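One structure is given here, and the rest of the page talks about it.
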Amino acid sequence: MAAESEAPPDLAAIEAARAALGDLVEETPVQRWRAAAVSDVLGPESAVFLKLELFQRTGTFKARGALLNALALDEAERKRGVTAVSAGNHAIAVAFAAHRVGTSAKVVMMEGADPFRVAQVRRYGAELVQVPDVHAAFETVRAIEADEGRTFIHPFEGRTIALGTATVGLELARQVPALDAVVVPIGGGGLCAGVSCAIKNAQPQCRVYGVEPEGADTMHRSFAAGSPQAIDKVNTIADSLGAPYAQRYSYELCRRYVDELVTIDDEAMRRAMGLLFAEMKLAVEPAGAAATAALLGPLADRLRGQRTAVIVCGTNIDAKKFMAQALFA
(Lines give C-alpha, C1' and ligand atoms only; values in the text may rest on other atoms or scores of the structure.)
Protein backbone atom coordinates (compact mmCIF):
# COMPACT_ATOMS: atom_id res chain seq x y z
CA MET A 1 0.00 0.00 0.00
CA ALA A 2 2.85 2.34 -0.75
CA ALA A 3 1.00 4.54 -3.21
CA GLU A 4 -1.05 7.35 -1.70
CA SER A 5 -4.04 6.39 -3.87
CA GLU A 6 -3.92 2.91 -2.35
CA ALA A 7 -3.43 3.95 1.26
CA PRO A 8 -5.96 2.74 3.84
CA PRO A 9 -8.97 5.07 3.94
CA ASP A 10 -9.10 7.40 6.94
CA LEU A 11 -12.28 8.63 8.60
CA ALA A 12 -12.35 11.79 6.48
CA ALA A 13 -12.27 9.75 3.28
CA ILE A 14 -14.97 7.38 4.54
CA GLU A 15 -17.16 10.30 5.59
CA ALA A 16 -16.70 11.87 2.16
CA ALA A 17 -17.73 8.59 0.53
CA ARG A 18 -20.88 8.45 2.65
CA ALA A 19 -21.70 12.04 1.71
CA ALA A 20 -21.20 11.22 -1.98
CA LEU A 21 -23.63 8.33 -1.72
CA GLY A 22 -26.20 10.54 -0.02
CA ASP A 23 -29.72 9.22 -0.26
CA LEU A 24 -28.82 6.83 -3.08
CA VAL A 25 -28.33 4.30 -0.28
CA GLU A 26 -30.06 3.77 3.03
CA GLU A 27 -28.54 4.25 6.45
CA THR A 28 -29.52 0.77 7.51
CA PRO A 29 -30.83 0.28 11.05
CA VAL A 30 -29.29 -1.49 14.01
CA GLN A 31 -31.46 -3.73 16.17
CA ARG A 32 -30.60 -4.93 19.68
CA TRP A 33 -31.16 -8.70 19.61
CA ARG A 34 -32.83 -9.77 22.83
CA ALA A 35 -33.50 -13.49 22.63
CA ALA A 36 -33.16 -16.46 24.93
CA ALA A 37 -31.23 -18.27 22.21
CA VAL A 38 -28.56 -15.55 22.44
CA SER A 39 -28.42 -15.12 26.21
CA ASP A 40 -28.32 -18.89 26.71
CA VAL A 41 -25.11 -19.06 24.67
CA LEU A 42 -23.45 -15.72 25.46
CA GLY A 43 -24.84 -15.02 28.92
CA PRO A 44 -27.51 -12.53 30.04
CA GLU A 45 -24.95 -9.75 30.47
CA SER A 46 -24.08 -9.79 26.76
CA ALA A 47 -25.44 -7.23 24.30
CA VAL A 48 -25.77 -8.20 20.63
CA PHE A 49 -26.58 -5.68 17.91
CA LEU A 50 -27.58 -6.62 14.37
CA LYS A 51 -26.49 -4.20 11.63
CA LEU A 52 -29.34 -4.87 9.21
CA GLU A 53 -27.62 -4.29 5.89
CA LEU A 54 -30.10 -6.70 4.31
CA PHE A 55 -32.46 -3.69 4.26
CA GLN A 56 -30.09 -1.86 1.93
CA ARG A 57 -31.29 -1.07 -1.59
CA THR A 58 -30.77 -4.16 -3.76
CA GLY A 59 -30.90 -6.31 -0.59
CA THR A 60 -27.19 -6.24 0.30
CA PHE A 61 -24.27 -3.96 1.16
CA LYS A 62 -23.02 -4.29 -2.43
CA ALA A 63 -24.97 -1.23 -3.59
CA ARG A 64 -22.56 1.07 -1.74
CA GLY A 65 -19.36 0.14 -3.57
CA ALA A 66 -21.09 -0.31 -6.92
CA LEU A 67 -22.61 3.17 -6.73
CA LEU A 68 -19.33 4.81 -5.72
CA ASN A 69 -17.66 3.25 -8.76
CA ALA A 70 -20.51 4.25 -11.06
CA LEU A 71 -20.54 7.82 -9.78
CA ALA A 72 -16.82 8.09 -10.60
CA LEU A 73 -17.29 7.30 -14.30
CA ASP A 74 -16.52 10.11 -16.73
CA GLU A 75 -18.74 10.85 -19.73
CA ALA A 76 -16.85 8.59 -22.12
CA GLU A 77 -16.89 5.70 -19.64
CA ARG A 78 -20.64 6.08 -19.10
CA LYS A 79 -21.18 5.81 -22.84
CA ARG A 80 -19.28 2.50 -22.95
CA GLY A 81 -20.99 1.09 -19.86
CA VAL A 82 -19.88 -1.20 -17.06
CA THR A 83 -19.43 -4.91 -16.50
CA ALA A 84 -19.22 -7.16 -13.46
CA VAL A 85 -18.99 -10.77 -12.34
CA SER A 86 -20.98 -12.14 -9.43
CA ALA A 87 -22.88 -14.98 -7.83
CA GLY A 88 -25.74 -12.51 -7.85
CA ASN A 89 -25.59 -9.75 -5.25
CA HIS A 90 -22.86 -7.69 -6.89
CA ALA A 91 -24.51 -8.21 -10.28
CA ILE A 92 -27.76 -6.79 -8.91
CA ALA A 93 -25.90 -3.88 -7.32
CA VAL A 94 -24.00 -3.02 -10.52
CA ALA A 95 -27.21 -3.24 -12.57
CA PHE A 96 -28.88 -0.92 -10.05
CA ALA A 97 -25.95 1.50 -10.01
CA ALA A 98 -25.76 1.63 -13.80
CA HIS A 99 -29.49 2.35 -13.96
CA ARG A 100 -29.16 5.17 -11.42
CA VAL A 101 -26.31 6.96 -13.21
CA GLY A 102 -27.66 6.44 -16.71
CA THR A 103 -25.28 3.90 -18.18
CA SER A 104 -25.57 0.28 -19.35
CA ALA A 105 -24.44 -2.87 -17.58
CA LYS A 106 -23.42 -6.28 -18.88
CA VAL A 107 -22.97 -8.73 -16.02
CA VAL A 108 -21.73 -12.30 -15.78
CA MET A 109 -23.31 -14.83 -13.43
CA MET A 110 -23.04 -18.56 -12.97
CA GLU A 111 -25.55 -21.00 -14.42
CA GLY A 112 -27.90 -22.14 -11.70
CA ALA A 113 -27.83 -18.74 -9.97
CA ASP A 114 -30.73 -18.06 -7.65
CA PRO A 115 -33.77 -17.20 -9.84
CA PHE A 116 -34.62 -14.22 -7.67
CA ARG A 117 -31.18 -12.72 -8.29
CA VAL A 118 -31.41 -13.28 -12.02
CA ALA A 119 -34.80 -11.56 -12.08
CA GLN A 120 -33.44 -8.59 -10.13
CA VAL A 121 -30.53 -8.11 -12.55
CA ARG A 122 -32.94 -8.06 -15.46
CA ARG A 123 -35.33 -5.78 -13.59
CA TYR A 124 -32.68 -3.05 -13.60
CA GLY A 125 -32.15 -3.46 -17.34
CA ALA A 126 -28.75 -5.16 -17.36
CA GLU A 127 -27.66 -7.60 -20.04
CA LEU A 128 -26.95 -10.98 -18.49
CA VAL A 129 -24.38 -13.60 -19.53
CA GLN A 130 -24.38 -16.94 -17.68
CA VAL A 131 -21.45 -19.37 -17.56
CA PRO A 132 -20.81 -22.78 -15.92
CA ASP A 133 -18.58 -21.79 -12.97
CA VAL A 134 -16.85 -18.97 -11.16
CA HIS A 135 -13.51 -19.41 -12.94
CA ALA A 136 -15.21 -19.19 -16.35
CA ALA A 137 -17.10 -16.15 -15.09
CA PHE A 138 -13.93 -14.18 -14.40
CA GLU A 139 -12.50 -15.16 -17.80
CA THR A 140 -15.71 -14.02 -19.50
CA VAL A 141 -15.86 -10.66 -17.76
CA ARG A 142 -12.24 -9.93 -18.67
CA ALA A 143 -13.11 -10.60 -22.32
CA ILE A 144 -16.11 -8.25 -22.13
CA GLU A 145 -13.94 -5.54 -20.59
CA ALA A 146 -11.33 -5.90 -23.32
CA ASP A 147 -13.66 -6.31 -26.30
CA GLU A 148 -16.32 -3.73 -25.43
CA GLY A 149 -14.34 -1.17 -23.44
CA ARG A 150 -16.70 -1.45 -20.48
CA THR A 151 -15.44 -0.45 -17.04
CA PHE A 152 -15.06 -3.49 -14.82
CA ILE A 153 -16.47 -2.98 -11.33
CA HIS A 154 -14.78 -5.58 -9.19
CA PRO A 155 -16.95 -7.45 -6.67
CA PHE A 156 -14.56 -7.01 -3.74
CA GLU A 157 -11.25 -5.39 -4.69
CA GLY A 158 -9.97 -1.82 -4.76
CA ARG A 159 -10.03 1.38 -2.78
CA THR A 160 -13.40 2.54 -4.10
CA ILE A 161 -15.07 -0.74 -3.13
CA ALA A 162 -13.43 -0.53 0.31
CA LEU A 163 -14.67 3.04 0.75
CA GLY A 164 -18.18 1.87 -0.07
CA THR A 165 -18.14 -0.98 2.41
CA ALA A 166 -16.45 1.23 4.99
CA THR A 167 -19.60 3.33 5.10
CA VAL A 168 -21.32 0.32 6.71
CA GLY A 169 -18.74 0.40 9.51
CA LEU A 170 -18.96 4.19 9.81
CA GLU A 171 -22.72 4.03 10.34
CA LEU A 172 -22.38 1.19 12.83
CA ALA A 173 -19.72 2.98 14.88
CA ARG A 174 -22.01 5.99 15.20
CA GLN A 175 -25.12 3.94 15.93
CA VAL A 176 -23.58 1.76 18.67
CA PRO A 177 -20.88 3.33 20.86
CA ALA A 178 -18.28 1.43 22.87
CA LEU A 179 -18.41 -1.87 21.01
CA ASP A 180 -16.17 -4.70 22.15
CA ALA A 181 -16.38 -6.66 18.92
CA VAL A 182 -17.76 -6.69 15.37
CA VAL A 183 -18.28 -9.91 13.41
CA VAL A 184 -18.09 -9.62 9.62
CA PRO A 185 -18.55 -12.26 6.89
CA ILE A 186 -15.77 -12.68 4.30
CA GLY A 187 -16.10 -13.71 0.67
CA GLY A 188 -13.42 -11.95 -1.32
CA GLY A 189 -12.85 -9.65 1.63
CA GLY A 190 -14.25 -6.36 0.37
CA LEU A 191 -16.91 -6.02 3.07
CA CYS A 192 -14.58 -7.01 5.89
CA ALA A 193 -11.79 -4.77 4.55
CA GLY A 194 -13.97 -1.66 4.60
CA VAL A 195 -15.88 -2.38 7.81
CA SER A 196 -12.74 -3.28 9.76
CA CYS A 197 -10.97 -0.15 8.53
CA ALA A 198 -13.84 2.10 9.59
CA ILE A 199 -14.33 0.41 12.94
CA LYS A 200 -10.64 0.53 13.86
CA ASN A 201 -10.51 4.23 12.95
CA ALA A 202 -13.70 5.12 14.84
CA GLN A 203 -13.46 2.70 17.81
CA PRO A 204 -9.83 1.52 18.02
CA GLN A 205 -10.46 -0.66 21.06
CA CYS A 206 -13.05 -2.78 19.22
CA ARG A 207 -11.94 -6.20 17.99
CA VAL A 208 -12.92 -7.32 14.49
CA TYR A 209 -13.56 -10.97 13.66
CA GLY A 210 -13.80 -12.19 10.07
CA VAL A 211 -15.89 -15.26 9.20
CA GLU A 212 -15.45 -17.60 6.23
CA PRO A 213 -17.21 -20.80 5.18
CA GLU A 214 -15.02 -23.87 5.49
CA GLY A 215 -15.50 -24.50 1.77
CA ALA A 216 -14.31 -21.03 0.71
CA ASP A 217 -11.42 -20.17 3.03
CA THR A 218 -9.34 -17.95 0.75
CA MET A 219 -8.60 -15.35 3.43
CA HIS A 220 -7.48 -17.99 5.93
CA ARG A 221 -5.07 -19.36 3.34
CA SER A 222 -3.91 -15.86 2.48
CA PHE A 223 -3.23 -14.94 6.12
CA ALA A 224 -1.28 -18.17 6.57
CA ALA A 225 0.78 -17.62 3.42
CA GLY A 226 1.33 -13.90 3.96
CA SER A 227 -0.05 -13.03 0.52
CA PRO A 228 -3.32 -13.33 -1.45
CA GLN A 229 -4.13 -16.95 -2.30
CA ALA A 230 -6.60 -18.83 -4.49
CA ILE A 231 -8.64 -22.00 -4.02
CA ASP A 232 -9.31 -24.66 -6.65
CA LYS A 233 -12.98 -25.10 -5.86
CA VAL A 234 -15.71 -23.32 -3.93
CA ASN A 235 -17.74 -25.75 -1.83
CA THR A 236 -20.37 -23.99 0.28
CA ILE A 237 -24.06 -23.12 0.20
CA ALA A 238 -23.02 -19.50 0.83
CA ASP A 239 -22.38 -18.72 -2.82
CA SER A 240 -22.11 -15.01 -2.01
CA LEU A 241 -19.01 -15.84 0.05
CA GLY A 242 -17.52 -18.12 -2.60
CA ALA A 243 -14.70 -15.99 -3.98
CA PRO A 244 -12.11 -18.14 -5.80
CA TYR A 245 -9.23 -15.94 -4.71
CA ALA A 246 -8.18 -13.02 -2.53
CA GLN A 247 -6.62 -9.86 -3.96
CA ARG A 248 -3.99 -7.49 -2.69
CA TYR A 249 -5.84 -4.36 -1.53
CA SER A 250 -8.68 -6.09 0.31
CA TYR A 251 -6.27 -8.70 1.69
CA GLU A 252 -3.92 -6.03 3.06
CA LEU A 253 -6.74 -4.08 4.71
CA CYS A 254 -8.03 -7.27 6.34
CA ARG A 255 -4.51 -8.24 7.43
CA ARG A 256 -4.04 -4.81 8.98
CA TYR A 257 -7.38 -4.39 10.75
CA VAL A 258 -8.89 -7.84 11.38
CA ASP A 259 -7.93 -9.34 14.74
CA GLU A 260 -8.91 -12.94 14.05
CA LEU A 261 -10.47 -15.21 11.44
CA VAL A 262 -12.80 -18.14 12.09
CA THR A 263 -14.54 -20.66 9.85
CA ILE A 264 -18.04 -22.09 9.99
CA ASP A 265 -19.66 -25.01 8.18
CA ASP A 266 -22.79 -24.97 6.06
CA GLU A 267 -24.94 -26.54 8.76
CA ALA A 268 -24.08 -23.73 11.17
CA MET A 269 -25.22 -21.17 8.60
CA ARG A 270 -28.41 -23.12 7.99
CA ARG A 271 -29.17 -23.14 11.72
CA ALA A 272 -28.45 -19.41 11.94
CA MET A 273 -30.80 -18.78 9.02
CA GLY A 274 -33.56 -20.57 10.90
CA LEU A 275 -32.81 -18.75 14.14
CA LEU A 276 -32.81 -15.29 12.54
CA PHE A 277 -36.14 -16.08 10.94
CA ALA A 278 -37.68 -17.52 14.09
CA GLU A 279 -36.43 -14.80 16.46
CA MET A 280 -36.19 -11.70 14.25
CA LYS A 281 -38.39 -12.59 11.26
CA LEU A 282 -35.43 -12.07 8.92
CA ALA A 283 -35.26 -14.26 5.82
CA VAL A 284 -31.56 -14.12 4.98
CA GLU A 285 -29.37 -15.95 2.49
CA PRO A 286 -26.62 -18.19 3.94
CA ALA A 287 -24.02 -15.41 3.70
CA GLY A 288 -26.34 -13.15 5.68
CA ALA A 289 -26.35 -15.69 8.49
CA ALA A 290 -22.60 -16.36 8.52
CA ALA A 291 -21.68 -13.81 11.19
CA THR A 292 -24.52 -15.00 13.43
CA ALA A 293 -23.34 -18.59 13.01
CA ALA A 294 -19.84 -17.57 14.14
CA LEU A 295 -21.19 -15.50 17.05
CA LEU A 296 -23.08 -18.48 18.47
CA GLY A 297 -20.43 -21.02 17.44
CA PRO A 298 -16.63 -20.64 17.39
CA LEU A 299 -16.70 -17.10 18.85
CA ALA A 300 -19.18 -17.73 21.67
CA ASP A 301 -16.64 -18.13 24.48
CA ARG A 302 -14.64 -15.05 23.42
CA LEU A 303 -17.71 -12.84 23.08
CA ARG A 304 -19.48 -13.87 26.28
CA GLY A 305 -20.48 -10.79 28.27
CA GLN A 306 -19.42 -8.35 25.55
CA ARG A 307 -21.06 -5.70 23.39
CA THR A 308 -20.95 -7.29 19.95
CA ALA A 309 -22.26 -6.17 16.56
CA VAL A 310 -23.02 -8.64 13.79
CA ILE A 311 -23.23 -7.67 10.13
CA VAL A 312 -26.34 -9.20 8.53
CA CYS A 313 -25.16 -8.59 5.00
CA GLY A 314 -27.82 -9.82 2.57
CA THR A 315 -31.17 -11.35 1.79
CA ASN A 316 -31.30 -12.07 -1.94
CA ILE A 317 -32.66 -15.58 -1.93
CA ASP A 318 -35.64 -17.27 -3.55
CA ALA A 319 -38.37 -18.20 -1.05
CA LYS A 320 -38.29 -21.88 -1.97
CA LYS A 321 -34.52 -21.98 -1.67
CA PHE A 322 -34.67 -20.29 1.72
CA MET A 323 -37.12 -22.87 3.03
CA ALA A 324 -34.96 -25.69 1.67
CA GLN A 325 -31.75 -24.36 3.25
CA ALA A 326 -32.82 -22.96 6.62
CA LEU A 327 -32.83 -25.31 9.61
CA PHE A 328 -35.46 -24.64 12.25
CA ALA A 329 -35.11 -25.88 15.81
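The values are calculated or read from the model by the stated rules, or taken from the named source; none is laboratory data. Being a predicted model, the structure only gives us computed values, none of them experimental. In this analysis, Cβ positions are derived from the backbone assuming ideal geometry, glycine residues included, and neighbour counts consider all displayed protein chains.
Some observations on this one:
- Selection of the stretch 125-149 for residues being of a type in the set (A, V, I, L, M, F, W, C) and outside any helix (DSSP H, G or I) yields Ala126, Leu128, Val129, Val131.
- Exclusive hit being farther than 30 Å from Gln306 by Cβ, under 18 Å from the mean Cα position of the chain (by Cα) and modelled with pLDDT of 95 or more, set Ala84, Ala113, Ala105: Ala84
- Among the residues listed as Ser227, Ser250, the single one being buried (at least 24 other Cβ atoms within 10 Å of the Cβ) and at pLDDT 95 or above: Ser250
- The helices (runs of 4 or more DSSP H) found wholly in the stretch 183-298 and carrying at least 3 residues that are among the hydrophobic types (A, V, I, L, M, F, W, C), within 20 Å of Gln31 (Cβ to Cβ) and in contact (Cβ under 8 Å) with a residue 40 or more places away in the chain occupy 190-202, 266-280, 286-295.
- Count of the stretch 21-67 residues which are within 15 Å of Ala291 (Cβ to Cβ) and assigned to a strand (DSSP E or B): 8
- Across the stretch 34-54, a minimum of one residue is classified as crowded, with 19+ Cβ neighbours inside 10 Å and among the polar types (S, T, N, Q).
- Condition met for Ala162 (at pLDDT 95 or above, under 30 Å from Arg302 (Cα atoms) and not in a helix (DSSP H, G or I)): no
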